[in-house]
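This report concerns only the one structure given below.
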Amino acid sequence: MHIFKRLSLGLALTATLLATTGCGSLATISKLEDGAGAEASRMWDRWVEGGGDIAVATTWERKVKDGISAAEVEQILKGVAVERNMRDVGTLPLSKELEARSGKKEKLLTVYSFCSPDTARKMVDFSPHMAAYLPCRISMVEKEDGLWLYTLNMDMMVKMGRKLPSPLKEEAMAVRNTIWEMMERGSKGEF
């Protein structure tokens, strides 16, 4: 039954788009990366599962394995960056800043920023709006059940948009894969 509901919803949305936007939508769809629809569907599912929270739909998250410290996760993230030729362009220790302001202990909240300058420049040349996504960030968040890592769903950039020209597509995929590896290894404590 679930597949029929999705199919019906997809057909209804397609019919609505065609009726309201016509050829403009078809022209745009023809410029998208292969598999863009499947990625949009995955995001839609996460949006629904998240109760309409757009941040759930547009991010990746990983629970850090119990027993792995924040310092170890940070070391892993920065180590993967070095291994994959990404620049560590800054750390924002938000919880420490809040503690300094209030004098009270805060749950950990740290934002790590990484960048591949050449790829960033090429992405912004391709679409100036991409500048809003710079640099790549991974946030470490302390919750009641332990540490979590969050980052932007890089598949939106690589798989959902206009077709990226070569070699930009390969470079963007390398950045995407590096962020994915950081999340995986950081959450598992894999040095």
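The values are calculated or read from the model by the stated rules, or taken from the named source; none is laboratory data. It should be emphasised that the depicted structure is a prediction, and the values quoted were computed from it without experimental measurement. In this analysis, Cβ positions are derived from the backbone assuming ideal geometry, glycine residues included, and neighbour counts consider all displayed protein chains. To get the accessible areas, we keep the full protein, side chains included, count just its heavy atoms, and leave off ligands, DNA and RNA. Shrake-Rupley method; radii C 1.70, N 1.55, O 1.52, S 1.80 Å.
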Considering only Cα-Cα distances, which of the following residue pairs are longer than 21 Å: 65/107; 31/169; 143/188; 78/169? 78/169
Given R₀ = 25 Å, what would the calculated FRET efficiency be for residue 109 paired with residue 38, taking r from the Cβ atoms and rounding to 0.05? 0.15
Candidates 133, 112, 150: whichever shows maximal mean-square fluctuation once the chain is modelled as a Gaussian network with Cα springs under 10 Å: 133
Taking just the alpha-carbon atoms of the range 48-139, what radius of gyration and Dmax come out, in angstrom? 15.9, 46
Between the alpha carbon centres of the range 100-133 and the range 147-173 the gap in Å comes to 15
So what's the back-of-envelope 222 nm ellipticity for the chain, counting only DSSP H runs of four-plus at -39500 (n - 2.57) apiece and dividing by all residues, rounded to 500? -16000 deg cm²/dmol
Packing-based order for 66-74, 78-86, using average beta carbon neighbours within 10 Å, highest first: 78-86, 66-74
Using only alpha carbon pairs under 8 Å that are at least six residues apart, calculate the relative contact order of the chain and give it in whole percent. 29
Rounded to the nearest 10 degrees, the helix 2-21 long axis (Cα) sits at an angle to the longest Cα principal axis of the chain of 70
Could you check how much of the accessible area of the chain is carbon and sulfur, as a whole percent, using a 1.4 Å probe? 61
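How large is the Kirkwood hydrodynamic radius of the range 95-186, in angstrom, based on all distinct alpha carbon pairs? Numbers along the way, then the final one.
Numbers: mean 1/r = 0.0674 Å⁻¹.
Every distinct Cα pair counted, the radius reaches 14.8 Å.
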With N set to the number of residues, divide the alpha-carbon radius of gyration of the chain by 2.2 N^0.38 Å and report two decimals. 1.19
Which aspartates and glutamates does residue 105 reach when only Cα atoms under 17 Å apart count, and residues fewer than 8 places away in its own chain are ignored? 97, 142, 144
Regression test value, accessible area per residue of the chain, probe 1.4 Å, units Å², expected 61
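Would you mind calculating the relative contact order of the range 105-191 from Cα pairs under 8 angstrom and at least 6 residues apart, reporting the percent as a whole number? Display every interim value, and only then the final one.
Details: 77 pairs, mean separation 22.8, N = 87.
The value is 26 percent.
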Acute angle (nearest 10 degrees) that the helix 168-188 long axis makes with the longest principal axis of the chain, alpha-carbon atoms: 50
Inter-label distance for residue 133 and residue 145, nm, one decimal - labels placed 7 Å from Cα along Cα-to-Cβ: 2.8
Relative contact order of the range 121-171, defined on C-alpha pairs under 8 angstrom at six or more residues apart (%): 24
Across 10 Å bins beginning at 0, the whole-percent shares of Cα-Cα pair distances in the range 94-146 come to 22, 32, 23, 20, 3
How far is helix 36-49 tilted, in degrees, relative to the longest principal axis of the Cα atoms in the chain, given as a value from 0 to 90 rounded to the nearest 10? 60
How high is the FRET efficiency from residue 63 to residue 97, r the C-beta distance, R0 22 Å, rounded to 0.05? 0.35
